[in-house]
1. For region 321-361, how many residues meet the condition of being farther than 19 Å from K265 by Cβ, open to solvent by less than 40 Å² (accessible area, probe 1.4 Å) and of a type outside the set (S, T, N, Q)?
2. Select from region 3-53 the residues that are β-branched (V, I, T), buried (at least 18 other Cβ atoms within 10 Å of the Cβ) and farther than 14 Å from I270 by Cβ and write down the one among them that is modelled with the highest pLDDT.
3. Filter region 271-312 down to the residues that are out of contact with any helix residue (DSSP H, G or I) (no Cβ under 7 Å at 6 or more places or on another chain) and polar (S, T, N, Q), then identify the one that is most open to solvent (accessible area, probe 1.4 Å).
4. Given the conditions (1) modelled with pLDDT of 95 or more; (2) more than 16 Å from the chain's Cα centre (by Cα); (3) open to solvent by 20 Å² or more (accessible area, probe 1.4 Å); (4) not small (G, A, S), report the number of the one that D93 does not fulfil.
5. Taking the condition of being farther than 18 Å from V121 by Cβ, open to solvent by less than 50 Å² (accessible area, probe 1.4 Å) and not in a loop (DSSP other than H, G, I, E, B), how many residues in region 192-215 meet it?
6. Just to be sure before I move on: is N113 under 26 Å from I314 (Cα atoms) and in contact with a helix residue (DSSP H, G or I) (Cβ under 6 Å, 6 or more places away or on another chain) in the structure I sent?
7. Restricting attention to region 70-84, report how many residues are in a loop (DSSP other than H, G, I, E, B) and either open to solvent by less than 20 Å² (accessible area, probe 1.4 Å) or of a type in the set (D, E, K, R) (or both).
8. Just to verify a result, which residue in region 113-127, among those that are part of a helix (DSSP H, G or I) and touching a residue at least 60 places away in the same chain (Cβ under 8 Å), is surrounded by the fewest Cβ atoms within 10 Å (Cβ to Cβ)?
Amino acid sequence: MKIIADENMPNVEALFGGLGDITLVNGRSLSKEQLMDADVLLVRSVTKVNESLLEGTPVKYVGSATIGTDHVDTEYLLEKGIGFNSAPGCNADAVADYVFSSLSYLYFTKSVNWLEAKVGVVGQGNVGRCVASRFVELGCEVVAYDPLVNETVSGVTLTTLCEVMTCDVICLHAPLTHTGAYPSFDMINDEYVGHLSAGQTIISAGRGGVINETALIERFHALGGALNLVLDVWHEEPHPNMQLAALCDIATPHIAGYSKQGREKGTWFIYQSVCNFFDIPLKSSFSEAVSQGSICEIKMNSDLGKEEALNRAIQCCFDVARDSARFKYVMSSGEDKGFDWLRKNYVERDEFNTACVNHDQYTPLFSALGFSSK
């Protein structure tokens, strides 16, 4: 079996080495010529998988180690009898960690007390539900908009996009779609953006193109800069709008889901799927495929107040400002491939769930944040 895999997928050689010959490639520049003797194609979100790429190749199975599938023409694969699977939910915890790391940064730099905020979440897929459930368990009022679902996690009220856009903290986790009854492209258009008010926080960690970037720049200036902006995804990736990035408190190169464990889980899910598709016995286990964290335990000063304790524990595990500073520095150089270089050379972080936090009073709140408990 010949396997072509994105070079940024972790553990590919360890998991798939026993299944066949592996060739690692640049996912964004992958060509049809590289697939002319391939049985299996393993990709991430940067590869457009469609008729143009696959027609005339012997590819029998495509696996995407991502939660989204907007980069894959699934109808074409179905029509041609090509097996396909993605990894829904693999990085939900990682993206939720990103959201709370961003909020902890805003707490320390702009005194944003997000624990007292009304939170709106756009999208109630695996990531949106994970984010929303953490806020609920922390005691926040949470509303969500997703026209494709009728119910969601306990404690979250499904409502209109208009109401979500009035919340103190707005988290965007919708997939990118251009067709159907409810296309998400430009869903948060200039009309919605134009009604944003001073002090609101926007965290976009789903797909670029859902929120209108030009309108967001205009509204930011109209409010005298009194918007808190966190953007991980961009409409024109891998060429982000650097005019908008300069206005952001946190700006990153689509790495919200790039925890070490989240990426490893994506590869693990696809490994299982490939083995099932070709009727091959599993030769590895989840515990072998997904790493333990580097920090096993965090002991907090019991004198710290609730907000201080939670936000400092978050920063111990994941300081998203580091990623933002690196992004702005590299992208300011004008390097055309800087976006992809940052993703390929990302300094991976561990998920909250790999560390246990000890505190005499607030242990349940740390568990709600996603940290493990003894």
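1. 11
2. Of everything passing the filter in region 3-53, V25 is modelled with the highest pLDDT.
3. Applying the filter and picking the extreme gives N276.
4. All conditions are met except number (2).
5. Of the residues in region 192-215, 2 are farther than 18 Å from V121 by Cβ, open to solvent by less than 50 Å² (accessible area, probe 1.4 Å) and not in a loop (DSSP other than H, G, I, E, B).
6. No; evaluated as a whole, the condition is false for this residue.
7. Step one: of region 70-84, the residues in a loop (DSSP other than H, G, I, E, B) are 70-71, 73, 81-82.
Of the ones still in play, those that are also either open to solvent by less than 20 Å² (accessible area, probe 1.4 Å) or of a type in the set (D, E, K, R) (or both) are 70-71, 73.
Residues in region 70-84 being in a loop (DSSP other than H, G, I, E, B) and either open to solvent by less than 20 Å² (accessible area, probe 1.4 Å) or of a type in the set (D, E, K, R) (or both): 3 in total.
8. Initial filter on region 113-127 (part of a helix (DSSP H, G or I)): 114-116, 126-127.
Still in the running and touching a residue at least 60 places away in the same chain (Cβ under 8 Å): 114-115, 127.
Working: W114: 23, L115: 16, V127: 30.
That would be L115.
The values are calculated or read from the model by the stated rules, or taken from the named source; none is laboratory data. The structure displayed is predicted, hence computed values, not measured ones. Don't worry about glycine lacking a Cβ; one is built from the backbone with ideal geometry, like all the others, and counts go over all protein chains shown. Ligands, DNA and RNA are excluded from the accessible area calculation, which covers all protein heavy atoms including side chains. Shrake-Rupley method; radii C 1.70, N 1.55, O 1.52, S 1.80 Å.
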